[in-house]
Amino acid sequence: MKKKFMIIAVTGICIGILSGCQETPKNSIVKQKSADNIKNYESVEDAETSQENQDPEKDKNSTKNQDAAKDENDIKNQDAQEKEGKINKMVQAPKTYKNRAEYEEGTLIIDTDAEIILPNVDSMNTYHVSAKEADQEMIDQITQIFFAGAKFYHGYDYNDWTKEDYQKDLTMLKKYKSEGNLDPFHWGTNDDGELAFDIDAAIADDEMHLETAPDEIEKKEVIPSFGLEWIDTSSGEPQTKVDDDMFYGIAETDHGVYGYNIYNQDQSSADVRILIQTQGEGKQNFREFNRTGWKDGRYALDREYLPNDGRDATHAIPEDTIKSFLKISYEDAEKIATEKIDQLGWNWKISGWDYSIYSSSYNIQKEDIQNAGYIFYFNRVLDEAPITFTDTYGGSLEDHDSTLIPWSYERCEVIVGNNGIEKVEIYNPYHIDGIQTENVKLMDFDSIIKIYEQMMEISNADMMNYYDKMLYHTTRITLGYSRIYDPTTDSTSGIIVPVWDFFGGFDAECEDYTEKNSGEHSKESFLTINAIDGTVIDRSLGY
């Protein structure tokens, strides 16, 4: 669902720095991107000096003299706007913004009723940033923080099935069939109306593997590191292979068994990925593994899907239903997550949270919920201003023929449930190389909102080729940081810049279904605008 929502939200807004990206319309108020836009920015001081040079009669020291003239009482009695940070004096943003605009003869509606959230800072900077590589020091650090005292095993053989496992699954499937339960895993139907899960094919598959499966699995103990060897038997002939840029393992701890995977940069991506996740009791089969897992609760809270062809509808789940699965308080869960992430020393702070639901269905049906927890979103904080969290991972390519090496965003998500930490995802930790431009000059909010309203029309007009009606609800507008980069120059370095993000949900109607999403808990940004120069950033690409 994340991918589907992202595609809908960003289709058509690629106004890129590379050839092949959609050009900014000639009559647009949006500035055209170029490589220079992500290299040099102007500080407030530079802008003031430039203005003074253009007006030689102006007293160059007037601003300084006015500031010096303020006595102590003036400073103590500064208004609420200054108490929130001087950044608001620069951008001049209101507390909320409301507007409703209709396009395409009323079939495309942009309804904005949003709280505006600003960082409590006096200024914002741009920063040079580069990609950290996952080396042995990082592996040892992660291992010590999350798995002190654990035993580690190769992941390739650990979860292989024995004859006993296949026989157990076979017996279960035959029991389902005899009872007339032909869709035991709730896969539903495909576009042709037929059951997506073929129980007869699954039974035949188990019977085939039963003949060749081993009686026992021998676990191979390892030390978490790159360069470990393993035996590949997929082609029939055993072949020794080496994972130079990956560790794929299992950690056995006193409180459970975890999958523990680390991926380093390779030839096709500059990404570093660390995934820690509890393993369910027993060995899951591929049917359960593909669909059962932790899912963000906001899709269950906000989303309603109503097909017009007789298939079952998906209704929003009440918050109290999710809470009924929780036996751990928010405060205790937050403490557990924070204590672990703080040990990294990367200045990551919680920027938001959501419920997380352990479900055996993609659409998070109420009857398929097995467990629940809290998911915490950690973001780097730079001089008290956070990098804005969105659902978009970045790292996409403009087309399938691209030879560029993508670099996704830094992100960290921690799920804490009734048994403690259930899952940790850490992607692409940055190395902050230093400030590029201090106290950068930002555009005022009125100019930004004009760009937003124009680009929401331009970027979504083509969607009316697929939908009969679309209604966007923009519920939150934030000023924060985001990283941009130029993959034609360097895929492991970029610049962190101030950006505006517009969050919300949408309602869509077409011949086959109606979908509603209030956007109340949304982490998906409809549009990202560079707060310095007004260029539109395609978050899926990262520039």
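Considering only Cα-Cα distances, which of the following residue pairs are longer than 22 Å: K95/K349; K349/K523; K132/K523?
Numbers: K95/K349 24 Å; K349/K523 17 Å; K132/K523 25 Å.
From the list (K95/K349; K349/K523; K132/K523), the Cα-Cα distance tops 22 Å for K95/K349; K132/K523.
Of the listed residues H521, H255, H154, the order by accessible area with a 1.4 Å probe, largest first, is H255, H521, H154. Here the accessible area of the range 158-287 is 47 percent carbon and sulfur, with a 1.4 angstrom probe and all protein chains present.
Under 5 Å between amide hydrogens, built in the peptide plane, is the criterion, and for E422 it picks out I415, V416, G417 among residues at least 5 positions away or on other chains.
Per residue, the range 491-533 exposes 25 Å² of solvent-accessible protein surface, assessed with a 1.4 angstrom probe and all protein chains in place.
How far apart, in nm, are two points set 7 Å out from the Cα along the Cα-to-Cβ line at E115 and at A148? Taking the two extended label points, one gets 3.7 nm.
When you filter the GluC sites (Glu not before Pro) in the range 481-543 for DSSP loop state and at most 11 other Cβ atoms inside 10 Å of their Cβ, you are left with E511. Packing order of peptides 443-453, 119-129, highest average first: 119-129, 443-453 (average count of other Cβ atoms within 10 Å over each peptide's residues). The residues of the range 185-235 present an accessible area of 69 Å² per residue when probed at 1.4 Å with all protein chains retained.
Accessible area ranking (1.4 Å probe, heavy atoms, ligands and nucleic acids excluded), largest first, for H473, H315: H315, H473.
Across the range 205-217, computed HN-Hα scalar couplings (Karplus, 6.51 cos²θ - 1.76 cosθ + 1.60, θ = phi - 60°) run 5, 4, 5, 5, 6, 4, 6, 10, 5, x, 6, 9, 9 Hz from first to last residue, x flagging Gly and Pro.
Annotation: aspartates and glutamates with alpha-carbon distance below 16 angstrom to K174 (same-chain offsets under eight excluded): E164, D165, D183, D198, D200, D205, D206, E207.
Per-atom-type breakdown for the range 314-445 gives carbon and sulfur 46% of the accessible area (1.4 Å probe, protein chains only). Only protein heavy atoms count here; on that basis, with a 1.4 Å probe, M172 has an accessible area of about 60 Å². Given the pairs K241/K423; K423/K516; K295/K323; K163/K295, which are separated by over 22 angstrom at their Cα positions? Beyond 22 Å: K241/K423; K423/K516; K163/K295. Potential lengthening of the chain between D490 and S178 amounts to 106.4 nm, from the contour at 0.36 nm per residue minus the alpha-carbon distance.
Amide H contacts of S43 (H built 1.01 Å from N, in plane; Pro and chain starts excluded): K441 sit under 5 Å, all sequence-distant by 5 or more or on other chains.
What's the FRET efficiency of T189 with S447 using the Cβ-Cβ distance as r and R₀ = 45 Å, to the nearest 0.05? Before the final figure, lay out the partial values.
Working: r = 50 Å, r/R0 = 1.11.
Efficiency at R0 = 45 Å is approximately 0.35.
Starting from the Cα-Cα distance between E334 and L275, subtract it from 0.36 nm times their residue separation and give me the gain in nm to one decimal. Display every interim value, and only then the final one.
On the way: separation 59, 0.36 × 59 = 21.24 nm, distance 1.92 nm.
Full-extension gain reported as 19.3 nm.
In terms of its C-alpha gyration tensor, the range 452-543 comes out prolate, because a/c is 1.5 or above and the ratio a/b outweighs b/c.
Shown in residue order for the range 507-516 are the 3J(HN,Hα) couplings computed by the Karplus curve 6.51 cos²θ - 1.76 cosθ + 1.60 at θ = phi - 60°: 10, 9, 10, 8, 5, 8, 7, 10, 10, 10 Hz (x for Gly and Pro). In order along the range 122-131, the Karplus-derived 3J(HN,Hα) couplings, from 6.51 cos²θ - 1.76 cosθ + 1.60 at θ = phi - 60°, round to 8, 7, 10, 10, 10, 10, 6, 9, 9, 7 Hz, and Gly and Pro are given as x.
Can you list the GluC sites (Glu not before Pro) in the range 202-267 that are in a DSSP coil and have 16 or fewer other beta carbons within 10 angstrom?
On the way: sites: E207, E211, E216, E218, E221, E229, E252; in loops: E216, E218.
Answer in residue order: E216, E218.
The values are calculated or read from the model by the stated rules, or taken from the named source; none is laboratory data. Keep in mind that what you see is a predicted model, and the values were worked out from it rather than measured. Here Cβ is always computed from backbone atoms with ideal geometry, including for glycine, and neighbour counts include all displayed protein chains. When the accessible area is computed, the model is the full protein with side chains, heavy atoms only, and any ligands, DNA or RNA have been set aside. Shrake-Rupley method; radii C 1.70, N 1.55, O 1.52, S 1.80 Å.
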